[in-house]
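S.K.: Take a look at this one; I'll ask things after.
We did not get these values from a lab; they are worked out from the coordinates using the rules stated. This structure is a prediction, so every number in the text was calculated from the model and none was measured. Cβ placement follows ideal geometry from the backbone for every residue including glycine, while neighbour counts extend to all protein chains displayed.
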Amino acid sequence: ARLDFVIARRAGRGAMLAEHLYTENTVVACGRNNSSVSSKNHPLAELARLSWVLPKPGFYSRDALDALVSAAGLPPIVPVIECDSFESNLSVVASTRFITLAPEFAARRFERLGMVRIVRTRPALGASPVMLQYRAGQRKHPAFEAFRAAAVEAARNIHKGKGE
């Protein structure tokens, strides 16, 4: 009932050590054929009025979006759907008029599959670190170095645009 490793955008609580793997942009995405969102650059105030599928509050990307909306003096976005999985969010917006936000690598994968398109936003939603987190004692485990090396290699591939 405890985690050995966490790959996350926000440092975990407690006695977790964190190693930076890469930096990831958060992007807004809509269905490929969503006619309510053009290909132009959209200001946040315009996007905030649309119907959203969002992660629950407490997720890094949701909190970052909520902070941007608040800083712009806009009313909070009330999503139509809240979900714990950005892949589920992307699947929903692929066939609806809703929009969502997701890590860029996931949105690009769905975009390559012809399901969504990335919406250009003003301001951009920004980037955040993605970290490998673990307890200090994990370093002693015989599989630690092999797992860490695999995580670092996967991060390199994502950073290069190859990974999924």
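S.K.: Residue 23 to residue 74: extension gain in nm, 0.36 nm per residue of separation minus the Cα-Cα distance?
M.R.: 15.6 nm
S.K.: Another question, if that's okay. Please report the antiparallel percentage of DSSP beta bridges with both residues in the chain, rounded to the nearest 5. Walk me through the intermediate numbers first.
M.R.: On the way: 22 of 30 bridges.
DSSP beta bridges in the chain are roughly 75 percent antiparallel.
S.K.: Given R₀ = 45 Å, FRET efficiency for residue 112-residue 140 by Cβ-Cβ distance, to 0.05? Please report the intermediate quantities before stating the final value.
M.R.: Values: r = 40 Å, r/R0 = 0.90.
That pair, residue 112 with residue 140, gives E of 0.65.
S.K.: Using helices alone, I'd like the mean residue ellipticity at 222 nm for the chain: each DSSP H run of four-plus residues gives -39500 (n - 2.57), total over residue count, nearest 500.
M.R.: -9000 deg cm²/dmol
S.K.: Among 17, 44, 65, which one shows the highest mean-square fluctuation when the chain is modelled as a Gaussian network with alpha-carbon springs under 10 Å?
M.R.: 17
S.K.: May I ask you to derive the relative contact order of the chain, considering only C-alpha pairs under 8 Å and at least 6 residues apart, and to give it as an integer percent?
M.R.: Rounded, it is 42 percent for the chain.
S.K.: Say we join alpha carbon atoms closer than 10 Å with springs in a Gaussian network model of the chain; which of 81, 118, 99 then has the biggest fluctuation?
M.R.: The residue with the greatest mean-square fluctuation here is 81.
S.K.: Let me ask another. Given points 7 Å out from each Cα along the Cα-Cβ axis, report the residue 122 to residue 45 separation in nanometres with one decimal.
M.R.: 1.1
S.K.: If you take the Cα Rg of the chain and divide it by 2.2 N^0.38 Å, with N the number of residues, what do you get? Write down the numbers at each step before the final one.
M.R.: Details: Rg = 17.2 Å, N = 164, 2.2 N^0.38 = 15.3 Å.
The reported ratio for this selection is 1.13.
S.K.: What shape does the range 33-98 take by its C-alpha gyration tensor, where a ≥ b ≥ c are the square roots of the eigenvalues and a/c under 1.5 counts as rounded, a/b above b/c as prolate, and the rest as oblate?
M.R.: Values: a/c = 2.04, a/b = 1.07, b/c = 1.91.
The shape class here is oblate.
S.K.: Compute a Gaussian network model of the chain, connecting alpha carbons closer than 10 Å, and tell me which residue from 97, 122, 139 fluctuates the most.
M.R.: Answer for the Gaussian network model of the chain: 139.
S.K.: If the only charges are +1 at each Lys and Arg Cβ and -1 at each Asp and Glu Cβ, what is the size of the charge dipole of the range 31-164 around the Cα centre, to the nearest 20 debye?
M.R.: Approximately 380 debye in magnitude.
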